[in-house]
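One structure is given below, encoded as structure tokens.
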Amino acid sequence: MNVTLAHPLDVTTAEARAIQTELADRVSLEDDPRLRDIHLVAGIDNAYARTAARTTAFSAVVVMSWPELKVVEVGQAQREITFPYVPGLLSFRELPVIIEALSGVESTPDLLICDGHGLAHPRRFGLACHVGVVTGIPTIGSAKKPFVASYDPPDMTPGARSVLHIGPEPVGIALRTYSRRRLPLFVSPGDRISIDTAADLAFAMTPKGLLPAPQQAAHNTVTSIRRNYIEHAAENENL
DNA sequence: GCGACAG
DNA sequence: ATCTTGTCGC
């Protein structure tokens, strides 16, 4: 999969915020035509292993068929990183290794699901927006916590939803995908998708559990990769 | 100034 | 996110 970067990622926090504000104008909340006939959907998730000397980031991209939700392809990457976790600047920390994982994927998904927010972001440019803009693929942000958005708790019935707001502005949907968890799933558009379609597709792709199947699969995969890395830490140190 | 803060 | 003991439930 080809990824085009129009801006650097190794920047200061002030520069990162300026880049977000600029790129936010390129985000589209219109449903992309390819969403009418989805064949492939990919979930993306990262994990970290930190030592005194360095922080290693891991990323997994799991491509699934739709509507079967069977794994078609898996891309992965690991990379030493320096950008810290700063609330609101997550994409500058996660994008480098995500791009590396995406570049190893041969197929071209019709939809991407990212672990994190999209529009529901201080500058309306969360991780999912950034991933969508650099890939050109319709993208959904799917987060487990609300971050800066407010909402009324949706009914406990799976499928129930309420609008996510930042001030008066609707930025996503609080979606009840799992009845046994207090918090709902926080879904917002990344790029080339509307708020309602993002919620509809996220729910349709969550036959069980809290997360959409591709996102859950990516989480399981990257967690396994990280665990394996740590188990072999001794050998890796000798390289 | 204080608290909160995706992953 | 990661760390990390104990605890509750299927």
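Would it be correct to say that A:I195 is loosely packed, with under 15 Cβ neighbours inside 10 Å, in contact (Cβ under 8 Å) with a residue 60 or more places away in the chain and over 24 Å from A:V63 (Cβ atoms)? Before you say what the answer is, go through the steps one by one.
Working: loosely packed, with under 15 Cβ neighbours inside 10 Å: no; in contact (Cβ under 8 Å) with a residue 60 or more places away in the chain: yes; over 24 Å from A:V63 (Cβ atoms): yes.
When the stated conditions are applied, A:I195 does not pass them.
Within the stretch A:135-158, how many residues are closer than 22 Å to A:A47 by Cα, more than 13 Å from the chain's Cα centre (by Cα) and either more than 16 Å from DNA strand C (Cβ to nearest atom) or at pLDDT below 95 (or both)?
The qualifying residues number 0.
Scan the stretch A:95-129 for residues that are more than 7 Å from DNA strand B (Cβ to nearest atom), touching a strand residue (DSSP E or B) at 6+ places or on another chain (Cβ under 8 Å), charged (D, E, K, R) and over 25 Å from A:P33 (Cβ atoms) and jot them down.
Matches in the stretch A:95-129: A:E100 only.
Scanning for something more than 20 Å from the chain's Cα centre (by Cα), more than 28 Å from A:L5 (Cβ to Cβ) and at pLDDT below 95, does the stretch A:197-217 turn up at least one residue?
Checked against the condition, which is being more than 20 Å from the chain's Cα centre (by Cα), more than 28 Å from A:L5 (Cβ to Cβ) and at pLDDT below 95, the stretch A:197-217 yields no hits at all.
Can you tell me which residues in the stretch A:103-115 are away from DNA strand C (no atom under 15 Å from the Cβ) and outside any loop (DSSP other than H, G, I, E, B)?
A:S103, A:L111, A:L112
What residue, among those in the stretch A:48-102 that are assigned to a strand (DSSP E or B) and free of Cβ contacts under 8 Å to residues at least 24 places away in the same chain, is farthest from A:E231 (Cα to Cα)? Give the derivation first.
Looking only at the stretch A:48-102, we keep the residues that are assigned to a strand (DSSP E or B), and these are A:48-50, A:55-65, A:71-81.
Checking which are free of Cβ contacts under 8 Å to residues at least 24 places away in the same chain leaves us with A:50, A:79.
Details: A:R50: 14, A:R79: 17 Å.
Top of the filtered list is A:R79.
Output the number of residues of the stretch A:8-46 satisfying the condition of being farther than 23 Å from A:P138 by Cα and part of a strand (DSSP E or B).
Counting residues in the stretch A:8-46 that are farther than 23 Å from A:P138 by Cα and part of a strand (DSSP E or B) gives 0.
The values are calculated or read from the model by the stated rules, or taken from the named source; none is laboratory data. Bear in mind the structure is a predicted one, so any value in this text is a computation, not a measurement. Every residue, glycine among them, receives a Cβ derived from its backbone with ideal geometry; neighbour counts consider all protein chains shown.
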